[in-house]
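> First, the structure itself, so that you have it in front of you.
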Amino acid sequence: MAVFTPLRRWQPAFRPFSRQPAAKRLLALTERVVKGPLFGCRMCGNCLLQETAFICHMSCPKGIRNGPCGGVTDGWCYVDPTRRCAWYLIYERSLRMHREHKLLEVLPPVDWDRAGTETWGEVLRTARMTGLRNIFIPSRRHGQSLGAALEEKVFRPIRQPAWWKGDAEYHPRAVTVPQSALERELNSGRFVVTTEVTPPLTAATARLREKILTVMPYVAAINFTDGSSAVPRMSSAACSAVAASLGADPVMQISARDNNRNSLQSQAIGANALGVHNILCLSGDSPRVGPAPRSNMNIIDVDSVQMLWILRRMRDEGIYLDGREIKNKPQLFLGAAAAPFAQDPKLQVIRDRKKINAGAQFLQTNLVFDPDRLDPWLEQLDREGLLDKVKILVGISPLKSLSLARYLNDRIPGVTVPEKVIKRLADSSDNFAGESIAITAETLVKLRAKKGISGVHIMPLGWEDALPLIIEKAAHETSDLKGAGQGHKS
Ligand code: SF4
């Protein structure tokens, strides 16, 4: 049960938006005094302590409600490196308490009307409205324990309101027709290559178009980042629309950092109307890693799992989050990020499973320079029967300089550039570009041979001209690569 957690970092508690009756204020104060020191509670008013092993997940600097973000580094938070990742603490304690089954349910975003208010009274009110007879008599009839009956009849309806109805089940998509050229390519079983083009810093699109046209013949789809590293640029939606107008199949990235629940739904509908069908849902880099002056670093409105849940229901059930019907449902192919080298593959796969259950149809990993290090993660996905439910695109990149290799290794959470790669590059100063392209092509070919990997996502990091060279070099070794870039033409 609950464990007193001394010295937990305090963050300010949320306050109610409207004046509450005196009795509720008194109860809220009591809760704050008790739950604050015991659990690090921030009084979000949407209590999930039972699901999070009695550690308040709102102590995560991003306020993520469905598992750790990809930035967690050896169990420590990358936003505030002086503290352990709140979600790793939750995972570890859940495993110790044999409560890991609680980690899979897709939990709702905060109902901000309830922020700062009491939650104990709500439990009593729900129990009273349901009626003790309706809770306990059917449970005894079905041999259910008292705790399970309370969980089903009282706690679950509070935790999962009718506008959310989250669960721990896998939801295969309702439509069988591929929603995008990328989905069709991935379903074909061919090894797929995608890439990304960095959105421009200016309002002009000539260079953007040029880059899209350069990479288009070689790839099935082109990603456009959404304020990567918390730096403002042309929006992913605008770049995706430009790409769609040129006949490419864009992947629009949406970062939770810059979107709330309303803008997420509006963006998905709007982009879909402009020919964008692939959406990659991300938590987004914290403003902490971006330039000053920094925007709000406290809490995101919806996390990436919740984004997937909302968009999947828009596509499959034709409803907005608030329940309004969507007459022409958006056609979406949904993806999420994966961090295969996070501290413990078992813990990481809990999060990946949740994304897949919520609606992720493809996972795009962060950068991989040592394909064999992927094996523990792939084996764990396989053991849990997830490889059949999701397509995996592994991130790879040509390294343009030694300083970039060292920067990625030292500064980017979850990315390791092995010493042998750095040495090969260092020893090839007269043919640095050729060696870098050869290393990337070799990585691609090794990944091609691994079970469960559907393709690679080449992040050129500003070196788009390297992409054709990598593909041509790798194509000598693996015959079906030539088909990898055909997606956009259909
Ligand atoms: S921001 Fe990421 S790393 Fe930090 S506590 Fe939250 S989930 Fe963990």
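Read-outs throughout are calculated quantities, based only on the coordinates presented, and are distinct from any laboratory measurement. Note that the structure is predicted; figures quoted are calculated from it, not measured. For neighbour counting, all protein chains shown are included, and Cβ atoms are generated from backbone atoms with ideal geometry for every residue, glycine included.
> Just subtract the alpha-carbon distance of Arg19 and Leu246 from 0.36 nm times their residue separation and send over the number in nm, one decimal.
Additional length available on full extension: 76.3 nm.
> Under a point spin-label approximation (7 Å from Cα along Cα-to-Cβ), what is the Val231-Ser401 distance to one decimal in nm?
So the two model labels end up 1.2 nm from each other.
> Multiply the residue gap between Phe432 and Ile269 by 0.36 nm, knock off their C-alpha separation, and tell me the result in nm, one decimal place.
Stretched out fully, the Phe432 to Ile269 stretch lengthens by 54.2 nm.
> Could you rank the peptides 61-69, 241-249 by their average count of other C-beta atoms within 10 Å per residue, with the highest value first?
Descending packing order for the listed peptides: 61-69, 241-249.
> According to a simple spin-label model (label point 7 Å from Cα along Cα-to-Cβ), what is the distance in nm between Asp370 and His98?
Taking the two extended label points, one gets 3.7 nm.
> Moving to a separate point now. In whole Hz, with x marking every Gly and Pro, tabulate ³J(HN,Hα) for segment 318-335 from phi via Karplus 6.51 cos²θ - 1.76 cosθ + 1.60, θ = phi - 60°.
x, 9, 6, 4, 7, x, 5, 7, 9, 5, 9, 5, x, 9, 10, 10, 9, x
> Please work out whether segment 181-489 counts as rounded, prolate or oblate from its C-alpha gyration tensor, where a ≥ b ≥ c are the square roots of the eigenvalues and a/c under 1.5 means rounded, while otherwise a/b larger than b/c means prolate and anything else oblate?
Note, shape of segment 181-489 comes out rounded.
> To continue, here is another question. Quick check on packing: order 51-57, 38-44 by the mean number of other C-beta atoms within 10 Å, highest mean leading.
Sorting 51-57, 38-44 by mean packing, highest first, produces 51-57, 38-44.
> Does anyone have the angle between helix 432-448 and the longest principal axis of the chain? Alpha-carbon axes, 0 to 90°, nearest 10?
60
> While we're looking at this one, here's another question. In degrees from 0 to 90, rounded to the nearest 10, what is the angle of the helix 261-273 Cα long axis to the longest principal axis of the chain?
Once rounded, the angle reads 40 degrees.
> For Ala174 and Lys346 in the same chain, what is the full-extension length gain: residue separation times 0.36 nm, less their Cα-Cα distance, in nm?
Contour length minus the Cα-Cα distance gives 59.0 nm.
> If you don't mind, there's one more thing I want to ask. May I ask you to derive the FRET efficiency for Glu210 and Glu384 from their Cβ-Cβ distance with R0 = 51 Å, giving the value to the nearest 0.05?
Working: r = 43 Å, r/R0 = 0.85.
After rounding, the FRET efficiency stands at 0.70.
> Order 365-377, 420-432, 312-324 from most to least packed using the mean count of other Cβ atoms within 10 Å.
For the peptides 365-377, 420-432, 312-324, the packing ranking is 365-377, 312-324, 420-432.
> So for the pair Glu419, Arg156, with labels modelled 7 Å out along Cα→Cβ, what separation do we get in nm?
About 5.3 nm separates the two model spin labels.
> Between helix 304-316 and the chain, what is the angle of the helix's C-alpha long axis to the longest principal axis, kept within 0 to 90° and rounded to the nearest 10?
Helix 304-316 and the main axis of the chain meet at about 90 degrees.
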